[in-house]
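Everything below concerns the one structure shown next.
The values are calculated or read from the model by the stated rules, or taken from the named source; none is laboratory data. Keep in mind that this is a model prediction, so the values were computed, not measured. No Cβ is skipped: glycine too gets one built from the backbone with ideal geometry, and neighbour counts run over all protein chains shown. SASA here: full protein model, heavy atoms, side chains in, ligands and nucleic acids out. Shrake-Rupley method; radii C 1.70, N 1.55, O 1.52, S 1.80 Å.
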Amino acid sequence: MARGSGVNLYDLARGLHILAVIAWMAGLLFLPRLYAYDAEQDDKAEPLRSEMRGLLRTWQGRLLKIILNPAMAATWAFGLWLFWLRSGGGADWSFAHQPWMLAKIAGIFALSGWHGYLSGEFRRIQAGTSARTGRFWRMTNEVPFLIAIVMVLSVTLEWGTR
């Protein structure tokens, strides 16, 4: 991390961004699984159903509040810092129009939208108005990872610049 006598801010920002993304992705991949387990409680007999639902909903809320929301905020903050540093402090924004960066930006908005959808679904689940099945949650569980594959490969390979 250190070069010479000082810290390379770009490397620091990149490392912190990667750590935040890991935490965010973990939450985005785990929360739909908790929703699937919750939706499947209808097939269980009482009192296990009520006990398990209460536990699952506690986990869902904690995952959103303690991991997902802060990790998304940190991902955005460190990502914007990286963006600023990459531009040379605002001097050269030409990279922002490259296909690889546009793919990453599209992915950022897709993941943020999915996060928003999951948050809204948490409120619907709490209210008992969710119409989503365990099958739906299992089928959509890997969507964030597929988006991340495109984002990571576009950035590491800088598609469209060579």
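Against the conditions (1) open to solvent by 90 Å² or more (accessible area, probe 1.4 Å); (2) farther than 21 Å from residue 114 by Cβ; (3) assigned to a helix (DSSP H, G or I), residue 59 satisfies every one except (2).
Taken over the range 78-92, the criterion of being under 22 Å from residue 111 (Cα atoms) and either open to solvent by less than 60 Å² (accessible area, probe 1.4 Å) or among the aromatic types (Phe, Trp, Tyr) (or both) is satisfied by 78, 79, 81, 82, 83, 84.
For residue 72, the criteria (1) more than 30 Å from residue 119 (Cβ to Cβ); (2) touching a Ser or Thr at 6+ places or on another chain (Cβ under 8 Å) hold in every case but one, which is (1). For the range 137-162, what are the residues that are open to solvent by less than 50 Å² (accessible area, probe 1.4 Å) and of a type outside the set (D, E, K, R)? The answer is 137, 140, 141, 144, 147, 148, 151, 154, 155. Do we have residue 100 as over 16 Å from the mean Cα position of the chain (by Cα), under 22 Å from residue 159 (Cα atoms), at pLDDT 95 or above and not in a loop (DSSP other than H, G, I, E, B) here? Taking the combined requirement at face value, the residue does not satisfy it.
In the range 66-89, the residues that are free of Cβ contacts under 8 Å to residues at least 40 places away in the same chain form Cβ pairs under 6 Å with partners that are open to solvent by 60 Å² or more (accessible area, probe 1.4 Å), at six or more places apart or across chains, as follows: 87/93.
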